[in-house]
Amino acid sequence: MTQEDAFQHRLISSIETALGWNGAERLGGSFSRGRTADLEVLSRLLTPNRLLDLVMRRSLNRPQFRVFQKGVEVHPAVYFTDSVSPRGQSISMVNMDSLGALLADGATVILDQANAFDPTMEVACRALQWWARERVQVNVYLTTNEASGFPLHWDDHEVVILQLAGEKEWEVRGTSRTAPMYRDADPNATPSDDVLWSGVMRPGDVMHIPRGHWHQATRNGSGSGSSLHVTFGITKRTGASWLAWLGDWCRTEEVFRLDLDRAGGPGTEQLVAAARRLVEEQSPADFLASYEQAVAPARQVPFLEIFGPLDAVVCTTHFRPRVRQIGATVEVLASGRRLTFAGKALPSLTLLLSGRPVVLSSAAAVVGAEVSELAEILVKEGLCAPLTAELSSGYTGLVTSAAP
């Protein structure tokens, strides 16, 4: 499957245009910022009222949903209420009146992993994962009036920020430790004095903050108003990730499974030789390829014939499936699955696994009637999902369909 076959998302186009990128190769490089000309995409992704509506309709808990005021986290009891059903079942819900009062006074609302709740954010993160070939989640930050944000800090992953509404003042500094990690040999607690940029993010502004760069954002002194931005956290693989993967592979060899007894166990030379051989046989490139293919299928609505026929589907794998023709057959590798089809299925598979919505009746006119049967197989294997109205809404206006 070529890059042209995969789905193109307006968010990715906006990021690349704003930062002057062509692909994700510069992700994790130097700090960069810019501005997208596609301002329509901002409100399409999320608005303050849509965020509050999302929060109102779901049972959330800390730390996934948090509120800060005057730089201090507000106790959840202030804005969470247990809704008790007539049968005595208790469900934690956000008290919207209390939350509204906090926001009116000036506060910051944070919703972590919004892609788990909102189809638009789900599709956006999936597009970014296909683009970056790394796992992505999105956190949403709504700040009102003169509320402050987090103090100066650094993240252990790459960050791409898009300002959706309002304004917020930022300061970004360099690193004080190269490529710091969540689990590290150094706490990395002293901020850098090297200020790379300070200024105001406005709607349409995009910023890439590499791992380890110190930063902070606030509306202190901004007066009345609000700010809404989304932060896409992209966790790239490291050399430590590769070594951890080798730790799993080593269990296939007996020498690594033997006890490290002080007497009678495998000798140091024997272990070192086996480790050297393992490093040579399982390269970082092998690890990266395995990582993309081994991720389990995404959560999706099951297809049940009792609810009606399968009329539209979309590929929901975390990463782009690998589709290749081998002689008279076509092999599909994705989400821990290895599927083999007849060679004539290639056009249909390319369409179905493009990541773009596919209406099967339209697709049949392009690639043939067998596309419906193949779609059912891919849905059963967890590579595609039925295109429900809710899931379809995540693509509308952001991703074109795979077949007219």
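May I ask you to say which residue of GLY327, GLY343 is at positive phi, surrounded by fewer than 18 Cβ atoms within 10 Å (Cβ to Cβ) and without any contact (Cβ under 8 Å) to a residue 40 or more places away in the chain? Quick ask: steps written out before the conclusion?
Working: GLY343 fails: at positive phi.
Among GLY327, GLY343, only GLY327 is at positive phi, surrounded by fewer than 18 Cβ atoms within 10 Å (Cβ to Cβ) and without any contact (Cβ under 8 Å) to a residue 40 or more places away in the chain.
For (1) surrounded by fewer than 16 Cβ atoms within 10 Å (Cβ to Cβ); (2) hydroxyl-bearing (Ser, Thr, Tyr); (3) in contact with a Ser or Thr (Cβ under 9 Å, 6 or more places away or on another chain), each residue gets a yes or a no:
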| position | (1), (2), (3) |
| --- | --- |
| VAL41 | no, no, yes |
| THR47 | yes, yes, no |
| PHE65 | no, no, no |
| ALA77 | yes, no, no |
| ILE91 | yes, no, yes |
| ALA104 | yes, no, yes |
| THR120 | no, yes, yes |
| ALA124 | no, no, no |
| TYR141 | no, yes, yes |
Practice prompt. Kindly indicate the residue of the range 78-90 that is modelled with pLDDT under 90 and assigned to a strand (DSSP E or B) and also farthest from the chain's Cα centre (by Cα) among those meeting that condition.
Written response: VAL84
Discussion item. Residues that are farther than 20 Å from GLN8 by Cβ, part of a strand (DSSP E or B), in contact with a Lys or Arg (Cβ under 7 Å, 6 or more places away or on another chain) and among the hydrophobic types (A, V, I, L, M, F, W, C): does the range 156-178 have at least one?
Written reply: no
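Scan the range 210-269 for residues that are assigned to a helix (DSSP H, G or I), hydrophobic (A, V, I, L, M, F, W, C) and within 30 Å of TRP197 (Cβ to Cβ) and jot them down. Give the derivation first.
Of all residues in the range 210-269, those assigned to a helix (DSSP H, G or I) come to 239-252, 254-257, 268-269.
Now drop any that are not hydrophobic (A, V, I, L, M, F, W, C), which leaves 240, 242-246, 249-250, 255-256.
Within the range 210-269, ALA240 is the sole residue that qualifies.
Report yes if ILE110 is on the phi < 0 side of the Ramachandran plot, in a strand (DSSP E or B) and touching a residue at least 60 places away in the same chain (Cβ under 8 Å), otherwise no.
Details: on the phi < 0 side of the Ramachandran plot: yes; in a strand (DSSP E or B): yes; touching a residue at least 60 places away in the same chain (Cβ under 8 Å): no.
Answer is no for this residue.
Residues checked against (1) without any contact (Cβ under 8 Å) to a residue 40 or more places away in the chain; (2) closer than 30 Å to TRP242 by Cα; (3) in contact with a strand residue (DSSP E or B) (Cβ under 6 Å, 6 or more places away or on another chain); (4) buried (at least 22 other Cβ atoms within 10 Å of the Cβ):
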| site | (1), (2), (3), (4) |
| --- | --- |
| ALA296 | no, yes, no, no |
| ARG322 | no, yes, yes, no |
| ARG337 | no, yes, no, no |
| THR350 | no, no, no, no |
| VAL358 | no, no, yes, yes |
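Would a scan of the range 301-311 turn up a residue that is under 30 Å from GLN163 (Cβ atoms), under 22 Å from the mean Cα position of the chain (by Cα), surrounded by fewer than 16 Cβ atoms within 10 Å (Cβ to Cβ) and in contact (Cβ under 8 Å) with a residue 40 or more places away in the chain? Explain how you work it out, then say what you get.
Residues of the range 301-311 under 30 Å from GLN163 (Cβ atoms): none.
Scanning the range 301-311, I find no residue that is under 30 Å from GLN163 (Cβ atoms), under 22 Å from the mean Cα position of the chain (by Cα), surrounded by fewer than 16 Cβ atoms within 10 Å (Cβ to Cβ) and in contact (Cβ under 8 Å) with a residue 40 or more places away in the chain, so the answer is no.
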Discussion item. Just to be sure I understand, how many residues within the range 328-373 are of a type in the set (A, V, I, L, M) and part of a strand (DSSP E or B)?
Written reply: 8
Item to complete: Considering only residues that are touching a Ser or Thr at 6+ places or on another chain (Cβ under 8 Å) and charged (D, E, K, R), look in the range 349-380 and name the one that is farthest from ARG44 (Cα to Cα).
Response: GLU370
Discussion item. Checking LEU288 against (1) part of a helix (DSSP H, G or I); (2) of a type in the set (A, V, I, L, M, F, W, C); (3) in contact with a His (Cβ under 7 Å, 6 or more places away or on another chain), only one condition comes out false. Which one?
Written reply: (3)
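Here are some residues: THR252, THR235. Which one is exposed (fewer than 14 other Cβ atoms within 10 Å of the Cβ) and among the polar types (S, T, N, Q)? Show your work before the answer.
Details: THR235 fails: exposed (fewer than 14 other Cβ atoms within 10 Å of the Cβ).
Only one candidate qualifies: THR252.
Rundown of residues vs (1) assigned to a loop (DSSP other than H, G, I, E, B); (2) more than 21 Å from the chain's Cα centre (by Cα), yes/no style:
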{"site": "ASN22", "(1), (2)": "yes, no"}
{"site": "GLU25", "(1), (2)": "yes, no"}
{"site": "GLY34", "(1), (2)": "no, yes"}
{"site": "ALA37", "(1), (2)": "yes, yes"}
{"site": "VAL41", "(1), (2)": "no, no"}
{"site": "ARG44", "(1), (2)": "no, no"}
{"site": "LEU60", "(1), (2)": "yes, no"}
{"site": "PRO63", "(1), (2)": "yes, no"}
{"site": "PHE68", "(1), (2)": "no, yes"}
Fill in: Condition met for ARG66 (assigned by TED's automatic domain parsing to the domain that holds PRO119, in contact (Cβ under 8 Å) with a residue 12 or more places away in the chain, charged (D, E, K, R) and under 20 Å from ARG202 (Cβ atoms))
no
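The values are calculated or read from the model by the stated rules, or taken from the named source; none is laboratory data. All values reported here derive from a predicted model rather than from experimental measurement. FYI the Cβ positions are ideal-geometry reconstructions off the backbone, even for glycines, and counts take in every protein chain you see.
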